[in-house]
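Written below as structure tokens is the structure these notes are about.
The values are calculated or read from the model by the stated rules, or taken from the named source; none is laboratory data. Quick caveat: nothing in here was measured; it's all calculated off a predicted structure. For neighbour counting, all protein chains shown are included, and Cβ atoms are generated from backbone atoms with ideal geometry for every residue, glycine included.
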Amino acid sequence: MELPRSAGILLHPTSIYTRYGIGDFGPNAFQFIEFLKDSSQHFWQVLPIGPTGYADSPYQNISAFAGNPLLISPDGLIQMDLITLEEVNRCQKGTKTDVEPSKILKVNYQRAIELKEEIFKIAFKTFQRKHFQQKSELYDSYNKFCEKQAYWLDDFVLFYSLKVGHNLQSWTTWPKNFSLRHKNALKVWSAGHAKELELYKFIQWIFSIQWFNLRDFADENDVKIIGDMPIFVAHDSVDVWVNQELFTLKEHGSLEFQAGVPPDYFSKTGQLWGNPLYKWDILQERNFNWFIQRFKRQIELFDWVRVDHFRGFQAYWRISGSAKDAIKGKWIETPGEELFLEVQKQLGILPIVAEDLGVITPEVEALRDKFKFPGMKILQFAFGNDEENPHLPHNFVHNSLAYTGTHDNNTTLGWWQNDATKSEKKRLREYLNSDTEDGSVVEDLIRALYRSIAKVAIIPIQDLLGQSEESRMNTPSIEGGNWQYQVKIDKKLKNRAKFLKKITKIYGRLVIF
């Protein structure tokens, strides 16, 4: 699919400040879309929106198909008459989710979880009372959702019920009759937890309603949403639990091999991700059906999909399941071409963005280019060596998305102040023909990005606001303190619309879909 010359903003929904301790699909998200329209930005890029597991990472989802309940807006539930404002306020007083205005805004995951669990229980009881007995339009909508999404929904709610019933411990620690999915044990559990399973289905239905309402509003305002699909799935996920034969696991579910990358820009010992690897031979024997279902779901949710760690579709870094770091590993080739040919055959041309960062070989580039997937360019990587650096704007290829930085990078101001070497700063100044300092370096780089040949220019919202390192979203290989960044959709942000609109027009990135 062809991308227009355009621009957009990278901002995960959890980062949009609300009074509920975490961002969601409520009024502030709609305001952000209005800001994008007022700024002439036509893309909103988000991180994965699945239910998070380990360390609250959106890249460690407990399901590759389900939605993150924390993104459900209590305000949206009020609008649906499933809960009252008074009930929401009572729940909120019990969890103290509000953030003090004088403090740095941060997501408070534990409080948000406690609050929304209480809200969901109340909303579900109201739904049962008002709509189950009357067989209303909402009841019909709920049933149709459950029927259409049954291929993943039924397994997910059962998995989550079991997980809650075992104190949220990994499925590998459950009694074997559950971890190995003995039919009779699962049948007995389902019968004894029927109401709970129904609640989890209800939550996923509400997620779907709110997400597609938001996406429809984006579409009405000429804003397209770029989603994010991690190539691997979490070890502690319903996907691995249900499809154990597709992953590199030992007899009782522990890791035989795991995913990661060798030493790179972000870590001298490489990155150890803890995800099981795929048994590609079995996937291929089954005509890649599991992956085709996954891509189909992603296309249903988003206009475009950034595929994280795209190079893993050509070859992946195989590390022992017991390794303590990612230094020792082996590159193993993947039937990526056969996969994408089959996906294309069944689903048509895919709107995929290839995250082609890191150790990229000619073979990876050939796979990307064969299917005409646009790649990525990062300005923070541009000034470290010579004039042939692919991340320098004069070396950009047309079919690419270009960024000042990604969610894994420091903010651009933080990079300039704390990470960039003297050599990089010298090269940057020479390249931009500027005496740029802290006050102007971010804006100078944004302008360089917008005037580049890349089809789409994307900037993290932290760079639009010129925020420093304390506003960083994620530091790879660091377990704590990530994914907490928040921003208010306030006057300070809205004042940047004029700047964005101006440079978008100057550099020919205005477009109407």
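Do we find that Thr436 is among the β-branched types (Val, Ile, Thr), surrounded by 20 or more Cβ atoms within 10 Å (Cβ to Cβ) and within 29 Å of Arg496 (Cβ to Cβ) in this structure? Walk me through how you get there before you give the answer.
Numbers: among the β-branched types (Val, Ile, Thr): yes; surrounded by 20 or more Cβ atoms within 10 Å (Cβ to Cβ): no; within 29 Å of Arg496 (Cβ to Cβ): yes.
For Thr436, the condition - among the β-branched types (Val, Ile, Thr), surrounded by 20 or more Cβ atoms within 10 Å (Cβ to Cβ) and within 29 Å of Arg496 (Cβ to Cβ) - is not met.
Taking only pairs six or more apart or across chains, which ones have beta-carbon atoms under 7 Å, a first residue in region 15-28 that is within 21 Å of Gln45 (Cβ to Cβ), and a second residue that is hydrophobic (A, V, I, L, M, F, W, C) and in a loop (DSSP other than H, G, I, E, B)?
Close Cβ pairs satisfying both conditions: Ile16/Ile489; Tyr17/Leu105; Ile22/Val107; Asp24/Ile72; Phe25/Ile72; Asn28/Ile489.
Identify the single condition in (1) in contact with a Ser or Thr (Cβ under 6 Å, 6 or more places away or on another chain); (2) within 28 Å of Gly8 (Cβ to Cβ) that Asp356 does not satisfy, given that it satisfies every other one.
Only one criterion in (1) in contact with a Ser or Thr (Cβ under 6 Å, 6 or more places away or on another chain); (2) within 28 Å of Gly8 (Cβ to Cβ) is unmet by Asp356, namely (1).
Evaluate the following for Trp483: is it among the aromatic types (Phe, Trp, Tyr) and farther than 19 Å from Gln45 by Cα? Quick ask: steps written out before the conclusion?
On the way: among the aromatic types (Phe, Trp, Tyr): yes; farther than 19 Å from Gln45 by Cα: no.
Taking the combined requirement at face value, the residue does not satisfy it.
If I ask for residues that are of a type in the set (D, E, K, R) and exposed (fewer than 12 other Cβ atoms within 10 Å of the Cβ), which ones from region 170-197 would you list?
Lys176, Lys183, Lys187, Lys195
Limited to region 369-390, what total is found for residues that are touching a strand residue (DSSP E or B) at 6+ places or on another chain (Cβ under 8 Å) and part of a loop (DSSP other than H, G, I, E, B)?
Matching residues across region 369-390 total 4.
What residue, of Leu70, Leu77, Leu82, is touching a Ser or Thr at 6+ places or on another chain (Cβ under 8 Å), part of a helix (DSSP H, G or I) and crowded, with 21+ Cβ neighbours inside 10 Å?
Just a single option satisfies the conditions, and that option is Leu70.
Search region 332-355 for residues that are free of Cβ contacts under 8 Å to residues at least 40 places away in the same chain and pair each with any residue that is part of a helix (DSSP H, G or I) and crowded, with 16+ Cβ neighbours inside 10 Å when their beta-carbon atoms are under 7 Å apart and the residues are at least 6 apart or on different chains.
As it stands, the answer is Gly336/Phe313; Gly336/Leu367; Glu337/Leu367, since those pairs meet every condition given.
Do any residues in region 430-452 that are more than 21 Å from Gln462 (Cβ to Cβ) have Cβ atoms under 9 Å from those of residues that are modelled with pLDDT under 95 and surrounded by fewer than 17 Cβ atoms within 10 Å (Cβ to Cβ), where the two are at least six apart or on different chains, and which pairs are they?
Ser434/Ser440; Asp435/Arg429
Quick check: is even one residue across region 186-196 aromatic (Phe, Trp, Tyr) and under 22 Å from the mean Cα position of the chain (by Cα)?
For region 186-196, residues aromatic (Phe, Trp, Tyr) and under 22 Å from the mean Cα position of the chain (by Cα): absent.
Tell me which residues, restricted to region 137-185, are within 14 Å of Gln204 (Cα to Cα) and out of contact with any helix residue (DSSP H, G or I) (no Cβ under 8 Å at 6 or more places or on another chain).
Residues satisfying the conditions are Asn143, Lys144, Glu147, Lys148, Ala150, Asp154.
Among the residues of region 399-415 satisfying the criterion of being touching a residue at least 60 places away in the same chain (Cβ under 8 Å) and among the hydroxyl-bearing types (Ser, Thr, Tyr), which is surrounded by the fewest Cβ atoms within 10 Å (Cβ to Cβ)?
Ranking the qualifying residues of region 399-415, first place goes to Thr406.
Quickly run through region 411-436 and pick out the residues that are of a type in the set (Phe, Trp, Tyr) and either more than 14 Å from Phe381 (Cβ to Cβ) or at pLDDT 95 or above (or both).
If we filter region 411-436 for residues that are of a type in the set (Phe, Trp, Tyr), which is where we start, we get 415-416, 431.
Across region 411-436, the qualifying residues are Trp415, Trp416.
Looking at Ile9, is it at pLDDT 95 or above, hydrophobic (A, V, I, L, M, F, W, C) and either under 29 Å from Gly348 (Cα atoms) or surrounded by fewer than 24 Cβ atoms within 10 Å (Cβ to Cβ) (or both)? It would help to see each step written out before you state the result.
On the way: at pLDDT 95 or above: yes; hydrophobic (A, V, I, L, M, F, W, C): yes; either under 29 Å from Gly348 (Cα atoms) or surrounded by fewer than 24 Cβ atoms within 10 Å (Cβ to Cβ) (or both): yes.
Yes; evaluated as a whole, the condition is true for this residue.
Please determine, by comparing only the residues of region 456-473 that are in contact (Cβ under 8 Å) with a residue 40 or more places away in the chain and surrounded by fewer than 20 Cβ atoms within 10 Å (Cβ to Cβ), which one is nearest to His394 (Cα to Cα).
Only one residue fits best here, namely Gly466.
How about region 465-513: which of its residues are in contact with a His (Cβ under 6 Å, 6 or more places away or on another chain) and more than 25 Å from Arg19 (Cβ to Cβ)?
Passing the criteria: only Val511.
Just the residues that are modelled with pLDDT of 95 or more and of a type in the set (A, V, I, L, M, F, W, C), please, taken from region 248-273.
Scanning region 248-273 gives Leu249, Leu255, Phe257, Ala259.
Assess whether Ala55 counts as being buried (at least 22 other Cβ atoms within 10 Å of the Cβ), of a type outside the set (Phe, Trp, Tyr) and either assigned to a helix (DSSP H, G or I) or touching a helix residue (DSSP H, G or I) at 6+ places or on another chain (Cβ under 8 Å) (or both).
no
Let me spell it out: the conditions are (1) touching a residue at least 24 places away in the same chain (Cβ under 8 Å); (2) within 21 Å of the chain's Cα centre (by Cα), and Glu300 meets all of them except one. Which number is the exception?
(1)
Quick one: Pro48 ticks every box in (1) surrounded by fewer than 24 Cβ atoms within 10 Å (Cβ to Cβ); (2) touching a strand residue (DSSP E or B) at 6+ places or on another chain (Cβ under 6 Å); (3) farther than 30 Å from Phe396 by Cβ bar one, so which box is it?
(3)
Here are Lys187, Lys125, Lys135: which of them is among the charged types (D, E, K, R) and assigned to a loop (DSSP other than H, G, I, E, B)?
Working: Lys187 fails: assigned to a loop (DSSP other than H, G, I, E, B); Lys125 fails: assigned to a loop (DSSP other than H, G, I, E, B).
None of the other options fit; the residue is Lys135.
I need the helices (runs of 4 or more DSSP H) fully contained in region 391-510, keeping only those with at least 2 residues that are of a type in the set (A, V, I, L, M).
Where helices (runs of 4 or more DSSP H) fall fully within region 391-510 and carry at least 2 residues being of a type in the set (A, V, I, L, M), they are 422-432, 441-450, 461-464, 497-506.
Scanning region 108-156 for residues that are under 27 Å from Ile22 (Cβ atoms) and of a type in the set (Ser, Thr, Tyr), which turns out surrounded by the most Cβ atoms within 10 Å (Cβ to Cβ)?
That would be Tyr142.
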